[in-house]
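Heads up: the structure comes next, in structure tokens.
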Amino acid sequence: MKFIKFLTILFFTFLSTQLVFAQGGYEDLLFEEVEVENPVYMPVIGLGAGVINYYGELKNDVKNLIQGQPTFRANLYQYLDSKHYWKVNANVVLGKVSGYERSFLDTTKNMNFESSLFSIGMNVEYSFGNIYKGSRKIVPFLSIGGGT
């Protein structure tokens, strides 16, 4: 019985030392800098969803900010240069907005509407990476564009 207990302890001791030796070389590879000679910059696609509410002349009985019509957005941006100073961004927004008012006392105030939203836009953005070097917490940028 003592022999089996000794073999079990010996086995786990041997196994734990092998695991420690096996992990030795990976940390050095994580911090090694590699120069890429011909990088390929692929466009980045973003998808999002949210809600939109109407606040205006018609008095909706919506009191919660997340209680509204669903809205969807697709975004595509591509860097224009290898240092990532310039970027072009295109987006599309789809959704509906609606408003209504109900009155039991004055029936002329029973009004409602619903409208579809479709918006496309494009902008060009410049980040001041050549002025601010190193790691930074705030990244200023300049952007110009338009949309419908």
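Scanning the range 87-111 for residues being modelled with pLDDT under 90 and either under 29 Å from residue 147 (Cβ atoms) or part of a strand (DSSP E or B) (or both) gives a total of 6.
Between a first residue in the range 74-88 that is exposed (fewer than 13 other Cβ atoms within 10 Å of the Cβ) and a second residue that is modelled with pLDDT of 85 or more, which pairs have beta carbons less than 9 Å apart while being 6 or more apart in sequence or on different chains? If the second residue must be modelled with pLDDT of 85 or more, the pairs left are 81/87; 84/127. Checked against (1) outside any strand (DSSP E or B); (2) without any contact (Cβ under 8 Å) to a residue 24 or more places away in the chain; (3) surrounded by 11 or more Cβ atoms within 10 Å (Cβ to Cβ), residue 114 passes all but condition (1).
Tell me, yes or no, whether the range 131-145 has at least one residue that is touching a residue at least 24 places away in the same chain (Cβ under 8 Å) and either of a type in the set (Phe, Trp, Tyr) or surrounded by fewer than 11 Cβ atoms within 10 Å (Cβ to Cβ) (or both). No: the range 131-145 contains no residue that is touching a residue at least 24 places away in the same chain (Cβ under 8 Å) and either of a type in the set (Phe, Trp, Tyr) or surrounded by fewer than 11 Cβ atoms within 10 Å (Cβ to Cβ) (or both).
Residues considered: 59, 63. Of these, the only one that is surrounded by 10 or more Cβ atoms within 10 Å (Cβ to Cβ) and modelled with pLDDT under 70 is 59. Looking only at residues in the range 10-48 that are surrounded by 10 or more Cβ atoms within 10 Å (Cβ to Cβ) and at pLDDT 70 or above, the one that is nearest to residue 95 (Cα to Cα) is 48.
The values are calculated or read from the model by the stated rules, or taken from the named source; none is laboratory data. Since this is a predicted model, take the numbers as computed values, not measurements. In this analysis, Cβ positions are derived from the backbone assuming ideal geometry, glycine residues included, and neighbour counts consider all displayed protein chains.
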